[in-house]
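Notes follow the structure.
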Amino acid sequence: SWTPAAFVDTTVAALKEQIGNEKVVLGLSGGVDSTVAAILLHKAIGKQLHCIFVNNGLLRKNEYSDVLLQYKGMGLNVKGVDASARFLDALAGKSDPEEKRKAIGRVFIEVFDDEATSITGVTYLAQGTIYPDVIESVSVNGPSVTIKSHHNVGGLPDFMKLKVVEPLRMLFKDEVRRVGAEMGIDSKLLGRHPFPGPGLAIRILGAITAEKVSILQEVDHIFIEGLRKWNLYDKVWQAGAMLLPVNSVGVMGDERTYEKVVALRAVESTDGMTADWVNLPYEFLQETSNHIINRVKGVNRVVYDISSKPPATIEWE
Ligand code: XMP
């Protein structure tokens with residue numbers, strides 16, 4: 001019968017055998033799959049594993065620095081690449097969801113290719129692909145790390161000519177988490193909600209600006225920290241905030257305001273294919289709404305999304 005301990009032993013041995021003295025490059029996303037894949041490879045080949053963690057500027061508040069530190073603490077050989085400006089440039093003026101996704105995918109590949117090819121002698125590309133990705137269901141951890149060939153127009157980037165190693169491709173998500181726990185990965189990291197590869201770009205409806213990203217990071221941070229404080233985080237499959245492309249009227253003192261609306265979304269799901277909105281306590285919603293409106297400049301209204309999937313997707317774009 002399958003046990004995480006046996007999986008770790010046989011996989012580490014097989015990776016050692018397969019890779020020998022060669023070098024491997026892997027893109028970390030901060031998510032569970034790429035992290036567990038990295039730790040498995042690290043056990044097998046140590047410093048022959050070169051990890052790259054790209055900041056696309058669309059991550060959660062403080063996520064880039066926090067996660068990078070965490071990776072370094074795990075002993076991983078990881079290079080952080082802050083490419084925020086490059087992503088924002090590529091997104092400028094784009095408001096169509098699929099165009100935004102394409103722009104992000106393209107820049108990610110360019111950045112990753114530059115970094116991967118600057119490591120001399122790399123022969124393998126490792127990916128945190130899991131079984132549901134293999135069977136073509138939704139990839140919750142994203143094309144930005146699980147790179148798919150349809151992103152490429154006109155020839156493969158150099159790193160895509162590498163041999164591919166995917167140690168998790170026979171595992172389901174819960175098995176990946178158990179393998180991670182077996183190897184001592186922090187439970188807070190293993191319990192993280194899924195987060196889309198294009199990040200906050202698909203939660204800012206319409207065109208993206210640096211200012212909107214920072215407003216949404218603050219709102220999201222208050223919401224997520226609130227869920228943790230109220231012990232609701234682990235009861236929710238995924239949660240986040242959307243920044244709507246409309247202003248609404250408010251009053252503050254004697255002044256009329258005309259500011260942004262944010263929508264909070266929290267869902268229960270097992271695989272993201274279907275989802276139900278979560279019945280969060282009114283007291284929690286009340287506190288969260290007050291915190292957001294009082295603390296985040298530029299937001300004067302908070303709404304809660306009570307739509308299930310189908311038909312309403314989890315992300316608004
Ligand atoms: P939807 O919005 O389709 O989302 O109900 C289902 C799950 O997939 C995630 N998602 C994405 N993940 N790249 C990703 O890596 C994407 O473009 C993307 N779009 C949606 C979403 O966060 C949810 O977990």
query = So what's the back-of-envelope 222 nm ellipticity for the chain, counting only DSSP H runs of four-plus at -39500 (n - 2.57) apiece and dividing by all residues, rounded to 500?
reply = -12000 deg cm²/dmol
inquiry  = What do you get for the angle between helix 282-295 and the principal long axis of the chain? Use alpha-carbon atoms, 0 to 90 degrees, nearest ten.
reply    = 90
query = Which of the peptides 171-178, 94-101 is most tightly packed, and how do the rest follow, judged by the mean count of other Cβ atoms within 10 Å per residue?
reply = 171-178, 94-101
key: FRET efficiency, 1/(1 + (r/R0)^6) with R0 30 Å, evaluated for TRP2 and LEU156 via beta carbons   = 0.30
remark   = Log entry: pair-distance distribution for region 203-304, C-alpha pairs binned every 10 Å from zero, whole % per bin is 15, 46, 31, 8, 1
Spin-label model distance (nm) - GLU166 vs GLU287, 7 Å beyond Cα toward Cβ = 4.3
message = If I stretch the segment between GLN18 and VAL246 completely, what's the gain in nm (0.36 nm per residue apart, minus their alpha carbon distance), one decimal?
response = 76.7 nm
key: Relative contact order [Cα under 8 Å, 6+ residues apart], region 4-190, whole percent   = 28
inquiry  = Past 32 Å, Cα to Cα: identify those pairs from LYS100/LYS188; LYS100/LYS309; LYS173/LYS260; LYS235/LYS260; LYS79/LYS260; LYS260/LYS309, in the order given.
reply    = LYS173/LYS260; LYS79/LYS260
request  = Give the percent of DSSP beta bridges with both residues in region 203-304 that are antiparallel, rounded to the nearest 5.
outcome  = 70
note = Residues whose modelled amide H sits under 5 Å from the amide H of PHE53, counting only those 5 or more places away in sequence or on another chain, are LEU28, LYS79, GLY80, VAL81
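When DSSP assigns beta bridges and you keep just the ones with both residues in the chain, what percent turn out antiparallel, to the nearest 5? It would help to have the intermediate numbers written out before the result.
Values: 15 of 38 bridges.
In the chain, DSSP labels about 40 percent of beta bridges as antiparallel.
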inquiry  = Angle check, please: helix 63-73 long axis (alpha carbons) against the longest principal axis of the chain (alpha carbons), in degrees 0 to 90, nearest 10.
reply    = 30
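What is the chain's relative contact order, in percent, from Cα pairs under 8 angstrom and six or more apart in sequence?
Values: 535 pairs, mean separation 54.2, N = 317.
In percent, rounded to a whole number, it is 17.
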remark   = Spelling it out for LEU171: with amide H atoms placed in the peptide plane at 1.01 Å from N, the residues 5 or more places away or on another chain with amide H under 5 Å from its amide H are TYR131
ask   = In degrees, nearest 10, range 0 to 90: what is the angle between the Cα axis of helix 32-45 and the longest Cα principal axis of the chain?
value = 20
query = Tell me, Kirkwood radius of the chain from alpha-carbon pair distances, in Å?
reply = 20.6
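Quick one: length gained pulling THR257 to SER65 fully straight, 0.36 nm per residue minus the C-alpha distance?
That works out to 65.7 nm of additional length.
How much length would be gained if the chain were fully extended between ASP82 and THR270, taking 0.36 nm per residue of separation minus their Cα-Cα distance, in nm to one decimal?
Stretched fully, the ASP82-THR270 segment lengthens by 64.4 nm.
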inquiry  = 5 Å is the cut-off here: which amide hydrogens, built 1.01 Å from N in the peptide plane, fall below it relative to TYR304, excluding neighbours closer than 5 in sequence?
reply    = LEU264
Spin-label model distance (nm) - LYS297 vs ARG228, 7 Å beyond Cα toward Cβ = 2.5
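Where a number appears in this text, it was derived from the coordinates with a stated rule and is not lab data. What you see is a predicted model; the values in this text were computed from it and never measured. Because the Cβ atoms are built from the backbone with ideal geometry, glycine has one as well, and the counts that use them run over all protein chains shown.
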